[in-house]
Amino acid sequence: MPTSWLDPSYTSPFEDHKDQALKDQLACAGQWVTFSYADAGEAPEAIFAYFEREHEEVNIGPEIAYSSSDPMVECRYADFDNVPAQGDFVTVVQTFGNVELSLLFKIDDRHEPDEQGAIMFSLEFVSGSRTVN
């Protein structure tokens, strides 16, 4: 039996505000990261994203449970002119007092965008440098 207590044209208020909710979350906890592409013809893109150096992910499948602590970055899918793929790169610069860390990661896996329009990339550490100002 279909839902009869709502008009068929009803749209949840969440649908109208989910993009803004994602923007608010990123604005609160995000930082600028630079995506660069393995294809040298593509220009790098600076995107405001949420970066986690040790993202904890626990997967429980039908037979085997496992966890990983790979770095990840999450951002808005709509912010990209060219959505990065596996093998492309992410540069994250973090400042701690007068120390600046520049970290280069390779995209290990690109997850499909979720229902809010966020896309997550699993990363593999490539190299890093430290500068004291």
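Laid out as a table, the results:
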item	result
Qualifying residue in the range 80-90 (condition: modelled with pLDDT under 90 and not aliphatic (A, V, I, L, M))	no
Check on residue 106, basic (Lys, Arg), surrounded by 11 or more Cβ atoms within 10 Å (Cβ to Cβ) and at pLDDT 95 or above	yes
Filter result (farther than 23 Å from residue 37 by Cβ and assigned to a loop (DSSP other than H, G, I, E, B)) within the range 86-113	97, 98
Selection from the range 109-121 of residues that are surrounded by 12 or more Cβ atoms within 10 Å (Cβ to Cβ), in contact (Cβ under 8 Å) with a residue 12 or more places away in the chain and either over 13 Å from the mean Cα position of the chain (by Cα) or closer than 23 Å to residue 23 by Cβ (or both)	110, 113, 116, 117, 118, 119, 120, 121
Any hit, the range 67-79, residues being part of a helix (DSSP H, G or I), modelled with pLDDT under 80 and farther than 30 Å from residue 133 by Cα	no
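The values are calculated or read from the model by the stated rules, or taken from the named source; none is laboratory data. The shown structure was predicted, so the numbers you read here are calculated from the model rather than taken from an experiment. Neighbour counts run over all protein chains shown; Cβ positions are idealised from the backbone, glycine included.
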